[in-house]
1. Compute the length gained on full extension between residue 294 and residue 272: take 0.36 nm times their separation in residues and subtract their Cα-Cα distance, giving the result in nm to one decimal.
2. If the chain between residue 536 and residue 683 were fully stretched, how many nm would it gain, using 0.36 nm times the residue separation less the Cα-Cα distance?
3. State, to one decimal in nm, how far the label point of residue 198 lies from the label point of residue 509, with both points 7 Å from Cα in the Cβ direction.
4. Once amide H atoms are placed 1.01 Å from N in the peptide plane, what residues at a sequence separation of 5 or more from residue 363, or on another chain, have their amide H within under 5 Å of its amide H?
5. Once you keep just the Cα pairs under 8 angstrom separated by 6 or more residues, what percentage relative contact order results for region 364-444?
6. For an R0 of 51 angstrom, estimate the FRET efficiency from the Cβ-Cβ distance between residue 52 and residue 430 and round to the nearest 0.05.
7. According to a simple spin-label model (label point 7 Å from Cα along Cα-to-Cβ), what is the distance in nm between residue 418 and residue 338?
8. Hey, can you rank 565-572, 426-433 by average C-beta count inside 10 Å, highest first?
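None of the figures in this text is laboratory data; all of them are computed from the coordinates on show. Fair warning: this is a prediction, and the values are worked out from it, not measured in the lab. Because the Cβ atoms are built from the backbone with ideal geometry, glycine has one as well, and the counts that use them run over all protein chains shown.
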Amino acid sequence: MPVPWFLLSLALGRSPMVLSLEKLMGPQDTARCSPGLSCHLWDGDVLCLPGSIVSAPGPVLVPTRLQTELVLRCHQETDCDLCVRVAIHLAVHGHWEEPKDEDKFGIAADPELEEPRNAFLQAQVVLSFQAYPAARCVLLEVQVRAALAQPGQSVGSVVFDCFEAALGAEVRLWSYTQPRYQKELNLTQQLPALPWLSVSADGDDVHLVLDVSEEQHFGLSLYWNQVQGPTKPWWHSNLTGPQNITLNHTDLFPCLCIQVWPLEPDSVRTSLCPFREDPRAHRNLWRAARLRLLPPRGWQLNAPCSLLAEATLCWQAPGGGPCQSLVPPLSRANVTVNKTLELPLLNAHPNLCVQVSSWEKLQLQECLWADSLGALKDDLLLVETRGPQDNRSLCALEPSGCTPLLSRASTRAARLGEQLLQDLQSGQCLQLWEDDLRALWACPMDKYVHQRWALVWLACLLLASVLFLLFLFKKDHVKGWLRLLKEDLRAGAAPRGRAALLLYSAEDAGFERLVGALASALCQLPLRVAVDLWSRRELSAQGPLAWFHAQRRQTLQDGGVVVLLFSPGAVALCHEWLQDGAAASAPHGPHDAFAASLSCVLPDFLQGRAPGRYVGAYFDGLLHPEAVPALFRSVPVFSLPSQLPDFLGTLQGPAAPRPGRLGERAKQVSRALQPALDQLLQAPGAPGAPGAPGDCTRDGT
């Protein structure tokens, strides 16, 4: 594209050296050689295929050094493009071999063929050029007289005119011969950029400063430069005069690029990608990444930019615990984002999960088709290893490792080894995957669980018989005990209460004390309460993400409810999620399950699955009722402690006691909450200043 002279002056300066920049007239590429060499440029571009390194049959010409120079390719006197001239320095590689038998190898054997070969050394030199989005390869034929070719010495250079490039572009050059006798040369060069575009940081904000004259009109575009696929525009505007544009730190991604150009016909566009190494941009990228599992056996990693990540398949046993990695069947190659990939499985299973890791750190995990295949099953995964002569060995994947069947280990798989082998041979196990050396089988364990329950029921019957006999002998005492038990049940003391998982943003120690007081008070009621304050050791072992998934799944499977405790920081993060689609980048503690659950709750609310599963609450004096985002008002939201009776009734569900008893329990909880709430309200400063995460949970005890 033509480069206006005032832009070249801005980019290259006003020194006399710049003003004397050499001009090349016409669009044709050319090549010229230093004295002693002859060269020829092939017409048109060629394919860039370096090939493998081969041994030189004797002395050959090879490139030893690359040099570049900026020139102008002009179609008219003032209509020029910036162009990169490349000089390739050549030397002789290898040595002459003196023939031992002149009659067999000498010139006299075939003088018409051997004499030209000895007279010249020839080489085909490939020159490769890349400057996004352009890429070219040209081929030059070079030859030198054998008399001038001394091994290891330079024989001269060949100059190519020229590769067009834009101001500010990063230029990459490679050179090698065909065939290739050594490692290719490479050179990377950054061309001058327009000095009136700069990027600066101010705390959490990033400023784009464009220092141009007041009457200068220009276009500004922000886009995502995706390696896999076309660029994705994000924001565009036509502006005038100097500008100072502010970006929030949550908008930064490694592939976010800035493009600026004067609003003139055929003007050159300058691109800059300043956030490639910014840690905040990489954190935002992982927060925006989503792992999707697509029926029947597809999966996809969605992200604005390319990711250096690996995907593995793992087995998630019910009851929590880490997902155990499986060596097959996913190759540990870099993941291609925004592309549907196929899992090489024979059959799907709800316990199979996909993990995405970066630098050996788990970033995302999703279990296969949880909605369509149901909850995790109590199946045992058998790993079959096949050897020569149809030999095979089997082991069962357990938390302690892969336990061989028929071993003497004190594990469930070892105790049931014979039965599992019979199940496998009778076709009761489901084959998930196989290749020539290995296979994976999922064997159901339900019938063995039923056998254990049969023994339990037998023991219960025996116990009931004993109790009946005691009742006959001590009738009066048993009646009194039954009367007391009946009164206790009427008072609402159910043997097993409803499960409740509390989610909150850990803003400061005072707010954590308030949440702890609420959780302890709810435990005095017929409620089974789970909160990360009481599971710090489990959180450290599993990580917040795995802990959250297990807790949420268990709570909802038991018919429980997830309680979202809104605070100023949590509300602020909810707004960031709803407006920007990315989580806040404020640092979270190692036990912050609320932060780990950001990507889970929002889909439930957006897809209408929240009613009956979630309840919202906030504390009097800490948050205004209107501050709760409208999206979360699709479920009941209560103010505590002023609306404690309604809150407790919703938590206990159908098992809630009559209103009088419910009011007494509300007073008990209020008395437990009030000291911690008063202390937090009297503390200096506003509570909840950090921008904590949004809403989602996972259940457990």
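1. Values: separation 22, 0.36 × 22 = 7.92 nm, distance 3.62 nm.
The residue 294-residue 272 span can extend by a further 4.3 nm.
2. Details: separation 147, 0.36 × 147 = 52.92 nm, distance 2.61 nm.
Stretched out fully, the residue 536 to residue 683 stretch lengthens by 50.3 nm.
3. Distance between the two pseudo-spin positions: 4.4 nm.
4. 356, 357, 358
5. Working: 109 pairs, mean separation 24.2, N = 81.
30 percent.
6. Working: r = 45 Å, r/R0 = 0.89.
Given R0 = 51 Å and the Cβ-Cβ separation, E is 0.65.
7. Each label point is offset 7 Å from its Cα along the Cβ direction, giving 6.0 nm.
8. On the way: 565-572: 23.8, 426-433: 15.2.
Ranking the peptides 565-572, 426-433 by packing returns 565-572, 426-433.
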